[in-house]
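**Student:** Right, I'll just put the structure down here and ask away after.
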Amino acid sequence: MPYQRPTYFQKSEQFLLQWKLDHLVFWLVYAMVYSVIFPWGKNTFESFIISNGLLVFHAIAAYFNNDFLIPRFLLTRSYILYLISLVLGILSVCFPLSIVVHMVINNAGLQNLVWSDTFFLFLVINVLFSVILTMVLKLVKQWYKDQKTNSELKQIQLQTEIKFLKSQINPHFLFNSLNNLYALTLSKSDLAPEVVLRLSNILRYILYESNQGKVSIRKEMEHVKDYVLIEKLRIGNSVKIELEIEDKLNDELVEPMLFLTLVENAFKHSEQVLPEHRFIHIHAHRVENGFRFLIENSFNPEYKSLERGGIGLQNIKKRLTLIYPNKHDIKSSISNGVYRVDLIIQLN
């Protein structure tokens, strides 16, 4: 896959994750909200400073839970040990937290409440809330990371499978083309140099351009024309070949080597028919929101092996399913000695 330059948001995310600044930002925002809900100081700034100091104890309990208790007990399904450890961890934090609250609060009435069971329960609930909040955020963050990893793995798997299918097509195409050229050289035909020129254009397209990703419809159709011309030079005028390709095609991108393979199959399958009854019709034009490629060829019903070696229409259908899910329609049929493949791809 080609290198994609990270966006501004991707760079920011990488920077925050590298220096753990996302944690710092979270606790600062949390302290701001906490200082508004519980104004410990005489003014907003003093409340914010005090809240930061108190939340240090919350953070200790939260990280102890996230980084130690969850991996060690919760994920291993040791639920009783997890609950016992979590309760002990919160209680061990709340005792020194009570002392700090008593030291920093100037309100005499509130100081008297610090050592009461009600206020201690209040601190426990506060710390527990922070622990649960950070645990939820951690789990959501991990879920997002797993989803992103799975998506990347699926994309890699998809690209690998597409490359495998394309690697099946190219040798198959080259084998047939060289056979055609060999037949011309045996007969010492003057058409052999023209075939070599056209074939070199197609091979250059396969080896270099088609491996760079998607190609324009116009370019794909140019190489369809090259292939048809190679076949015309080889078989002469004994076969009726009708090629209708819309002249004004846009540069919309499609997966390479789809249409060329269909044309190759049409010539191969029609070989089982007597020359006087042999024909190939190719029609390519734009349709609403897409492109249509219709190909018909004469076919001998007694010739049953349409897909020798498993390479051909089934290969194309699988590639279409991978690359254009729910955005294509391909139909093949055999009727009255005519083999027909109709492919429509949505491009928008």
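**Student:** What is the Cα convex hull volume of the range 189-346 when expressed per residue in Å³? Please list the in-between numbers first.
**Tutor:** Working: hull volume 19.4 nm³, N = 158.
Normalising the Cα hull of the range 189-346 by residue number yields 123 Å³.
**Student:** Just the Cα atoms of the range 67-149: what Rg and Dmax do they give in Å?
**Tutor:** Looking at the range 67-149, its Cα Rg and Dmax stand at 16.6, 54 Å.
**Student:** Provide the FRET efficiency to the nearest 0.05 for the Ser92-Ser151 pair, computing r from the beta carbons and using R0 = 51 Å. Please report the intermediate quantities before stating the final value.
**Tutor:** On the way: r = 41 Å, r/R0 = 0.80.
Efficiency at R0 = 51 Å is approximately 0.80.
**Student:** Still on this structure: What FRET efficiency comes out for the pair Asn250/Ser333, r = Cβ-Cβ distance, R0 = 25 Å, nearest 0.05? Mind showing how you got there, number by number?
**Tutor:** Working: r = 29 Å, r/R0 = 1.16.
Efficiency at R0 = 25 Å is approximately 0.30.
**Student:** Could you give the length gained by full extension between Leu83 and Ser189, i.e. 0.36 nm per residue of separation minus their alpha carbon distance, to one decimal place?
**Tutor:** Numbers: separation 106, 0.36 × 106 = 38.16 nm, distance 8.69 nm.
The span from Leu83 to Ser189 would gain 29.5 nm if fully extended.
**Student:** Would you mind giving the average projected area, over all directions, of the Cα convex hull of the range 8-150 in nm² with one decimal?
**Tutor:** Reported value for the Cα convex hull: 10.4 nm².
**Student:** Restricting to DSSP loop positions (anything but H, G, I, E, B) with no more than 14 other Cβ atoms inside 10 Å of their own Cβ, which chymotrypsin sites (Phe, Trp or Tyr not before Pro) remain in the range 210-267?
**Tutor:** Working: sites: Tyr227, Phe259, Phe267; in loops: none.
Within the range 210-267, no chymotrypsin sites (Phe, Trp or Tyr not before Pro) qualify (loop, at most 14 other Cβ atoms within 10 Å).
**Student:** Points 7 angstrom from Cα along the Cβ direction at Ile132 and Leu347: gap in nanometres?
**Tutor:** 5.6 nm
**Student:** Only Lys, Arg, Asp and Glu count, each charged at its Cβ (+1, +1, -1, -1), so figure out the dipole size of the range 8-150 about its Cα centre, rounded to 20 debye.
**Tutor:** Numbers: 9 positive and 6 negative charges, 82 e Å.
Result for the range 8-150 is approximately 400 debye, rounded to the nearest 20.
Read-outs: derived from the displayed coordinates by stated rules, not from any lab. Model, not experiment: these values are computed from the prediction. Note that we place each Cβ from the backbone using ideal geometry, even for glycine, and neighbour counts take in every protein chain shown.
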